[in-house]
Amino acid sequence: PASVHPSLFLSSTLRFSPTILIMKGPISRVQVGIAASVASLAAISTSCNAFAPSAFIATTAATRGQSSSSTELFISSWGINGPPHRRKTEEEPNPAEKIQAYLKAPEPVAARDNLDGRVLVSGYVQSKERTDQFVFDMLNHEEAAFNFDAIVAFVDDEKFAKKRLLSRHARYTGLLDKLEFLEASEPGALPTELQLAGVKHWVASVGNDLEAVKKISDLVRATDVENVSILLTDASSVAADAAQEVVASLKMEGKSFTVISVGELKDTPEGSVPYSIADMGTTNGTVAEGETFSRDESIRLVTECLGLESGRDQALTFKECSDVNATEFKLVKGLREGGYTRPQEIDHMITKGPVAYIEACANWTTKAPKRTQFDEWMKGEEEKLKVESEQAVQRKDEEKEAARKGETEDIAREWAKRDFFRKGMSGEISDMTEEEYIESIWDRAMFEGDLRWRQLNGKETNEEQELEDFKSKQDKKKKAMLERAKASLAELLDDE
């Protein structure tokens, strides 16, 4: 026998729902008959209960040659996934336990819009123990946001600097095409205004000399330099009030600055230790005696902050963080494990940092629990029950009101009949039928019927006062009707 593909059986009743039967493995005519019976039963159930169960047949037979005696029939109104309360929903993880739940996918970071022209580098290539080529590689990196036409090395000894920087690596990376040299008038001197002509950006390493920072501020103010990024090293001797004064001197219209303050430099690879950030001159923004920092990491920071928009007009203190339980340690490590590049990592730490992470952890503990599919189903069922209950109460009130109206009318009719009989026997009525009399006093009859109904059902009544009020209203009603009749008659006489 041929294998059976999914078949669709439609109920012929007024309200039909599709019933799907899936059979695996070899089948027989008996099984086909069973399948048809199942479809018929499902259709009957749909017709009777307006309910649409899905039916499917599963078998454990692996091959066509095996027996299908282990075939089982499942009928479920929820489908193959079962009822909602059995479906597992993934809960949002706690960011305090899994930091990747807090971090979003890496996105491009904002760079400054004027990263072109000439950039000057000062304070490097002064030691025989190292080349300091890393700072020039950072400014010439092909994946960086920089697009400099020339990278000027301002050095104490031009001949010595060329031996250090004119290397095979510089040739392969294209640095030689941009590299230029300027020699200081004396060792340790800053460039003059003339030497800064045409320079648009400046990266300066000044040790812990705050006076040099003030001189740089004056030179930037007097020249065409637009961006300056300054590295303060071994900054444990820098007092908080002095740091704030220096930062204030760098603020000028049309110019941007960045100051990076770190501890004593050591020759360790960049990115080997996480770090913390604080505003320079604050309590946490001062460097303690003996604190150290990676030289290459300091170069990374002073160059990246030159290009990042988030580094504009910032004076920041970076300190190594070795405490694995510290928030900064966890956050930096999580950023690196999450695929963030160094610029993205530094930008995140400047713009958001541990404050945003701690806030996200606090929000997670206080947020409302996520609603599951079962919760939504239960909410819908509760709303249905509420509507049905309200409708039932309304129907019950309407039935009570209808019953009261019927009973009141019956009592009113009986009262009117007795009043007609009484007046008929006393000769007060001679020219009216019973129905005509009942119609003429129906308002009074309904008043009496309502009063008697309330008395019979234990309601509070005041028969004398209510009768007096009723007669007063009737008199006003008759008077109003009389006035309208007189007005109509007067209008008719005027027309004639």
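Quick notes on this one:
- Counting only helices (runs of 4 or more DSSP H) that sit wholly inside region 301-400, those with at least 2 residues that are in contact with a Pro (Cβ under 8 Å, 6 or more places away or on another chain) are 327-337, 353-366.
- Unmet requirement for Val152, which otherwise passes all of (1) over 25 Å from Phe293 (Cβ atoms); (2) part of a loop (DSSP other than H, G, I, E, B); (3) β-branched (Val, Ile, Thr): (2)
- Identity of the residue in region 259-287, among the small types (Gly, Ala, Ser) and outside any loop (DSSP other than H, G, I, E, B), that ends up farthest from Ala235 (Cα to Cα): Ser276
- Counted residues, region 134-149 - those being open to solvent by 50 Å² or more (accessible area, probe 1.4 Å) and closer than 29 Å to Lys163 by Cβ: 6
- None of Gly458, Gly427, Gly406 is open to solvent by less than 90 Å² (accessible area, probe 1.4 Å), in a helix (DSSP H, G or I) and of a type in the set (Gly, Ala, Ser) except Gly406.
- When residues in region 102-115 are screened for being surrounded by fewer than 16 Cβ atoms within 10 Å (Cβ to Cβ) and touching a helix residue (DSSP H, G or I) at 6+ places or on another chain (Cβ under 9 Å), 5 of them pass.
- Check on Ser249, small (Gly, Ala, Ser), open to solvent by less than 60 Å² (accessible area, probe 1.4 Å) and within 19 Å of Ser310 (Cβ to Cβ): no
- Top-ranked residue of region 298-352 - restricted to ones that are of a type in the set (Asp, Glu) and within 30 Å of the chain's Cα centre (by Cα), ranked as most open to solvent (accessible area, probe 1.4 Å): Glu337
- Residue within region 184-206 that is without any contact (Cβ under 8 Å) to a residue 40 or more places away in the chain, in contact with an Asp or Glu (Cβ under 6 Å, 6 or more places away or on another chain) and β-branched (Val, Ile, Thr) present: no
- Lone qualifier among Asn94, Asn114 - being more than 25 Å from Val220 (Cα to Cα) and not hydrophobic (A, V, I, L, M, F, W, C): Asn94
- Scanning region 225-248 for residues that are more than 23 Å from Gly290 (Cβ to Cβ) and assigned to a loop (DSSP other than H, G, I, E, B) yields a count of 2.
- The set of residues in region 116-133 that are surrounded by fewer than 20 Cβ atoms within 10 Å (Cβ to Cβ) and in a loop (DSSP other than H, G, I, E, B) comprises Gln126, Ser127, Lys128, Glu129, Arg130, Thr131.
- Test: residue in region 279-288 that is surrounded by fewer than 19 Cβ atoms within 10 Å (Cβ to Cβ), touching a residue at least 40 places away in the same chain (Cβ under 8 Å) and of a type outside the set (Val, Ile, Thr): yes
- Given (1) of a type in the set (A, V, I, L, M, F, W, C); (2) over 22 Å from Asp267 (Cβ atoms); (3) modelled with pLDDT of 95 or more; (4) out of contact with any Leu (no Cβ under 7 Å at 6 or more places or on another chain), index of the condition Val152 fails: (4)
- Any hit, region 234-243, residues being in contact with a strand residue (DSSP E or B) (Cβ under 6 Å, 6 or more places away or on another chain) and open to solvent by 40 Å² or more (accessible area, probe 1.4 Å): yes
- Within the span defined as region 159-177, every residue fails to be in contact with a Lys or Arg (Cβ under 6 Å, 6 or more places away or on another chain), within 23 Å of Leu115 (Cα to Cα) and surrounded by 14 or more Cβ atoms within 10 Å (Cβ to Cβ).
The values are calculated or read from the model by the stated rules, or taken from the named source; none is laboratory data. Predicted model, so just to flag it, every value in this text is computed and none were measured. With ideal geometry, Cβ positions are generated from the backbone for all residues, glycine too; neighbour counts draw on all protein chains shown. We work out accessible area using only protein heavy atoms, side chains counted, and drop any ligands, DNA or RNA first. Shrake-Rupley method; radii C 1.70, N 1.55, O 1.52, S 1.80 Å.
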